[in-house]
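The structure appears below as structure tokens.
The values are calculated or read from the model by the stated rules, or taken from the named source; none is laboratory data. Just so you know, these numbers come straight off a predicted model, no measurement behind them. In this analysis, Cβ positions are derived from the backbone assuming ideal geometry, glycine residues included, and neighbour counts consider all displayed protein chains. Side chains are part of the model used for accessible areas, which takes the heavy atoms of the whole protein and leaves out ligands, DNA and RNA. Shrake-Rupley method; radii C 1.70, N 1.55, O 1.52, S 1.80 Å.
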Amino acid sequence: MLSPELHRTGAQAPEDDPPPPYYSRRDRGPSPFFHGREEVRNRFATVLSDTIGTMRRTTFLIQGPPGAGKSALLDKLCEEAKGWEATTIGSQELYNPAVLAQSMDRDCVLNREATAKIRIKFLEAGVAEQVAGHASPKEILRHLAPESGLILMLDEAQKMKNLSQNRSVAIDTLDAIHNGELGKPVVLLTAGLGTSEDVYKSLDVSRFARGCTEQLGRLNKEAEEAVIHDWLMKAGGATGDPSAWINAIASRTHGWPQHIISYTDPANEYLKANQGCMTDEGLQLTLKKGEQERVLYYEARVKGISKRKRQVLARIFAHLPLDSCMEEEDLIDALKEEYTHEEAEKLFEDLLARGVLAERPEGDYGIPIHSFHTWLVNEYAKDSGKGGGSFAMER
């Protein structure tokens, strides 16, 4: 297991202990209370095992809408990668050898002795001098990657669509990693929004091996309730039976990690201020504040999309049941009732990139969260006769 002290993105609280006092929750990043996602965790473990022997299947992509817990899952996968070293990279490391070397020197240390050996090898090979402008990222990886295996963790993969300068170098690096051409087990573990696979295709990573892509959706009910339980009991210090609070919160979070944060934050504030007492008053206050946070999240998702475009999308989904999906062609045809074909396709891509729409495992598209669907319809489908603000359609 990666050492929390040395792997800066992998620290997690022990399972039976509360999170450390310095821990603060964020929109993305590791979570001290992680449950579920067993299937993808098992598949990634298989990929690592296969890579050791074959050097193949070396890019693993997780994509999904904002708030699905992609970043937390990346961290969990690295934590569980026993015997592997890991370093966090961004797109710059794919074309800048100096930045890549610095990232690996900073993060990729399971023990000081191993790090010293890596540095000696680094210097003996003359890479240190080459980094000034002559070495490629591939050469850095060949020299610095440990024989035991290296995981390169790249989040927010959709941002690579903006690569322009040094694009050819980045493509060369990705190609070498993806095709196992480094002579060592190096795996790119990457995550991003639903457009990320297309971004990789534009960078010549056209085919992912079987089992190396994951469309991340909501947590299952058991995992969702376990996460809420841990936040209430371990972080909030709740006393007594938390079942009523867990059930009430879960009925509004729909398995969505981002929503769990929206509700457990105010829950923990109340519990800490009231010695862990779970009162009816505290629950109602939690639900009210959680709904407010949830609405703010939805407003952030549609920010930058004009009101008219929001209304057009809301009218499309106004008469569809919650969790409904549409084929891409049908959605674009519906948008073409208001826009040209080119404008409709552009709007579809924008909605997907912002996480307003999400691709499902079956290949169709929908609004990813029940209450997001409801909020959008209530706020913007004016011709449906619905006012704003109510969440009556949630179930």
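Looking at region 130-225, the strands (runs of 3 or more DSSP E) lying wholly inside it that each contain 1 or more residues that are open to solvent by 10 Å² or more (accessible area, probe 1.4 Å) sit at 150-154, 213-215. Applying the selection to region 121-169, what residues are of a type in the set (Asp, Glu), modelled with pLDDT of 55 or more and over 18 Å from Thr190 (Cα atoms)? Scanning region 121-169 gives Glu124, Glu139, Glu147. Of all the residues in region 242-254, those that are open to solvent by 50 Å² or more (accessible area, probe 1.4 Å) and either more than 18 Å from Leu287 (Cα to Cα) or in contact with a Leu (Cβ under 9 Å, 6 or more places away or on another chain) (or both) number 2. Leu203 meets the conditions (1) closer than 22 Å to Ala145 by Cβ; (2) in contact (Cβ under 8 Å) with a residue 60 or more places away in the chain in every case but one. The failed one is (2). So which residues in region 204-230 are closer than 16 Å to Tyr270 by Cα and more than 20 Å from the chain's Cα centre (by Cα), if there are any at all? Listed by number, the residues that qualify are His229, Asp230.
Any residue that is open to solvent by less than 50 Å² (accessible area, probe 1.4 Å), over 26 Å from Ser262 (Cβ atoms) and part of a helix (DSSP H, G or I) - is there at least one of those in region 30-40?
The first filter runs over region 30-40 and keeps only residues open to solvent by less than 50 Å² (accessible area, probe 1.4 Å), leaving 30-34, 36-37, 40.
Now narrow it down to the ones that are over 26 Å from Ser262 (Cβ atoms): none.
There is no residue in region 30-40 that is open to solvent by less than 50 Å² (accessible area, probe 1.4 Å), over 26 Å from Ser262 (Cβ atoms) and part of a helix (DSSP H, G or I).
Checking each residue in region 255-304 for being surrounded by 21 or more Cβ atoms within 10 Å (Cβ to Cβ) and not in a helix (DSSP H, G or I) picks out Gly255, Trp256, Met278.
Applying the set (1) at pLDDT 70 or above; (2) small (Gly, Ala, Ser); (3) over 26 Å from Lys201 (Cα atoms) to Ala45 leaves exactly one unmet item: (3). Being open to solvent by less than 40 Å² (accessible area, probe 1.4 Å), modelled with pLDDT under 95, within 30 Å of Tyr298 (Cα to Cα) and not aromatic (Phe, Trp, Tyr): is that true of Asp75 here? Judged against the criteria, Asp75 is a match.
Close contacts from region 299-325, counting a first residue that is touching a residue at least 12 places away in the same chain (Cβ under 8 Å) and a second that is surrounded by fewer than 17 Cβ atoms within 10 Å (Cβ to Cβ) and assigned to a loop (DSSP other than H, G, I, E, B), with Cβ to Cβ under 6 Å and a gap of 6+ residues or different chains, come to Val312/Glu338; Cys325/Arg360; Cys325/Asp364.
Consider region 51-70 and keep the residues that are open to solvent by 10 Å² or more (accessible area, probe 1.4 Å) and at pLDDT 90 or above. The one that is farthest from Asn179 (Cα to Cα) is Gly69. Restricting the first member to region 245-272 and to residues that are free of Cβ contacts under 8 Å to residues at least 40 places away in the same chain and within 19 Å of Leu322 (Cα to Cα), and the second to residues that are outside any helix (DSSP H, G or I) and among the hydrophobic types (A, V, I, L, M, F, W, C), the beta-carbon pairs closer than 8 Å and six or more apart or on different chains are Gly255/Leu219. Which of the following residues is buried (at least 20 other Cβ atoms within 10 Å of the Cβ) and acidic (Asp, Glu): Glu329, Glu349, Glu359? When all the criteria are applied, what remains is Glu359.
Inspect all residues belonging to region 308-322 and state whether any of them is modelled with pLDDT of 90 or more, under 26 Å from the mean Cα position of the chain (by Cα), open to solvent by 10 Å² or more (accessible area, probe 1.4 Å) and within 29 Å of Leu219 (Cβ to Cβ). Checked against the condition, which is being modelled with pLDDT of 90 or more, under 26 Å from the mean Cα position of the chain (by Cα), open to solvent by 10 Å² or more (accessible area, probe 1.4 Å) and within 29 Å of Leu219 (Cβ to Cβ), region 308-322 yields at least one hit.
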